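The values are calculated or read from the model by the stated rules, or taken from the named source; none is laboratory data. Remember, it's a predicted structure, so these values are computed and weren't measured experimentally. Cβ: placed from backbone, ideal geometry, glycine included. Neighbour counts: every protein chain shown. Only protein heavy atoms, including side chains, enter the accessible area calculation; ligands, DNA and RNA are left aside. Shrake-Rupley method; radii C 1.70, N 1.55, O 1.52, S 1.80 Å.
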Amino acid sequence: MNPIANLPFSQACENNKQPILNILQAQLSHCQSLLEIGSGTGQHCCFFAQKLPHIYWQATEQIHHLKDLNQRISHANLANLPMARPLDIAQQWPEHQFDAVFTANTLHIISETLVCQFFEALTQVCKSESQLFIYGPFKYQGQFTSDSNADFNLWLQSRDPQSAIRDFEWICQLALNQGFELIKDHSMPANNQLLHFIKR
């Protein structure tokens, strides 16, 4: 029996992992260490760490999700993918710095306050020229990019009023306030984006 067959699974992760990898491969050729915020099911970190063996990929997640996440990581058995660490955005972040930070489908789940705290905390783990990648849906000039994203936003807020698809301009301003310059806004499948920043 497959030991990970009954673990939480995201079809969206399966669908978007290759398009995301295509961009990460092009941008992270010289990266040695990466911190992932909100590793979820672990499908992303296991796939990316396998495909990017030169990167020490540190997954993180809230403590109550760690058991399933680490079971998947253990099954992957990759030298560059250690066990995931607990990380609450509002609490203490790792003390050492990374060459890159990656997060997928987190900023529309957490509250506005936590989004602000996310960017403030990045200064602790990023050095000059560290790269930041944020994947997910965004609004532009207050408008959704598709009817499906508008419907998704309604669903998000029905389950948690503090969740919402965020404004691209607001995210870029929060990043800029902490010294992160937007390098490129990549259009991705299913009306998502991958925002690429560099710490100056």
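If you plug each phi of region 91-101 into the Karplus form 6.51 cos²θ - 1.76 cosθ + 1.60 with θ = phi - 60°, what whole-Hz ³J(HN,Hα) values come out, in order, with x for Gly and Pro? Listing the rounded values in order: 10, 6, 9, x, 7, 8, 9, 10, 6, 7, 10 Hz.
Using only the alpha carbons of region 1-70, what is the convex hull's orientation-averaged projected area in square nanometres?
Values: hull surface 20.2 nm².
Here the figure is 5.1 nm², rounded to one decimal.
Using the Karplus relation 6.51 cos²θ - 1.76 cosθ + 1.60 with θ = phi - 60°, the per-residue 3J(HN,Hα) values for region 73-83 come to 5, 4, 5, 5, 6, 9, 5, 9, 10, x, 4 Hz, with x marking Gly and Pro.
At full extension, GLU181 and ASP147 could sit 9.3 nm farther apart than now, given 0.36 nm per residue minus the alpha carbon distance. Of the whole protein surface, PHE47 contributes about 30 Å² of accessible area at a 1.4 Å probe radius. Based on the Kirkwood approach, the hydrodynamic radius assigned to region 1-120 is 14.8 Å, with every pair of different Cα atoms included. Across the cross-link table entries LYS51/LYS199; LYS17/LYS127; LYS67/LYS199; LYS139/LYS199, which are compared at the Cα atoms, the separations over 29 Å belong to LYS67/LYS199.
Per residue, the accessible area of region 1-156 comes to 48 Å², computed with a 1.4 Å probe over protein heavy atoms only.
Close amide H contacts of THR60 (hydrogens built in the peptide plane, cut-off under 5 Å, sequence separation of 5 or more or a different chain): GLU36, GLY38, SER39, ARG85. For the pair SER74 and ASN15, label points projected 7 Å from Cα toward Cβ lie 3.2 nm apart.
Database remark: amide H of VAL101 closer than 5 angstrom to the amide H of LEU35, GLN131, LEU132, PHE133 (H placed geometrically; neighbours at sequence offset of 5 or more, or on other chains; Pro and chain starts carry no H). Per-residue Karplus couplings for region 56-64, computed as 6.51 cos²θ - 1.76 cosθ + 1.60 with θ equal to phi - 60°, are listed in order as 6, 9, 9, 7, 9, 6, 4, 4, 6 Hz, Gly and Pro entered as x. Computed over every Cα-Cα pair of the chain and binned at 5 Å starting from 0, the pair-distance distribution P(r) comes out as 1, 7, 16, 21, 21, 18, 10, 4, 1, 0 percent.
For the chain, what % of the accessible area comes from carbon and sulfur atoms, probe 1.4 Å?
Numbers: 4770 of 9790 Å².
Carbon with sulfur: 49 percent of the solvent-accessible area.
For ASP167, the amide hydrogen comes within under 5 Å of the amide hydrogens of LYS139, counting only partners 5 or more places away or on other chains and with H modelled in the peptide plane.
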